[in-house]
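A.B. asks: Before we start, here is the structure in question, set down as structure tokens.
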Amino acid sequence: MSARNTLQKEIIRSTLCSLTSHPTAPMLFELIHSEHPSISRSTVYRVLGQMAEEGTIQRLGIAGSENRYDGMTEQH
């Protein structure tokens with residue numbers, strides 16, 4: 001993985017972990033893009049998917065709604 005991808009992944013992770021809500025990918029993209037316009041929508045979606053698969057974040061599937069994400073992996 002390149003340094004750029006590592007930096008982007010850290011920005012996405014730290015933004016998600018700073019929130020008390022459980023944002024959707026589009027919500028998180030809007031927050032990140034306002035501060036880091038070079039990070040694309042596809043990058044945010046890809047990194048969220050990777051981190052959810054790795055178990056470093058939680059993907060919350062809610063019936064009838066978009067997936068939401070949580071930076072806390074422990075039960076709360």
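The values are calculated or read from the model by the stated rules, or taken from the named source; none is laboratory data. Please read all numbers here as calculations on a predicted model, not as lab measurements. Neighbour counts are summed over all protein chains in view; Cβ atoms, including those assigned to glycine, are modelled from backbone coordinates with ideal geometry. Quick note on the areas: whole protein, heavy atoms, side chains included, nothing else; ligands and nucleic acids left out. Shrake-Rupley method; radii C 1.70, N 1.55, O 1.52, S 1.80 Å.
A.B. asks: Take the residues in region 1-20 that are at pLDDT 90 or above and in a loop (DSSP other than H, G, I, E, B); name whichever of them is most open to solvent (accessible area, probe 1.4 Å).
C.D. replies: Only one residue fits best here, namely Ser18.
A.B. asks: Going by the conditions given, is Gly61 open to solvent by 40 Å² or more (accessible area, probe 1.4 Å), over 16 Å from Ile12 (Cβ atoms) and more than 9 Å from the chain's Cα centre (by Cα)?
C.D. replies: Answer is yes for this residue.
Here is a yes/no grid of residues against (1) in a helix (DSSP H, G or I); (2) out of contact with any strand residue (DSSP E or B) (no Cβ under 7 Å at 6 or more places or on another chain); (3) open to solvent by less than 80 Å² (accessible area, probe 1.4 Å):
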residue: His22; (1), (2), (3): no, no, yes
residue: Phe29; (1), (2), (3): yes, yes, yes
residue: Glu53; (1), (2), (3): yes, yes, no
residue: Glu66; (1), (2), (3): no, no, no
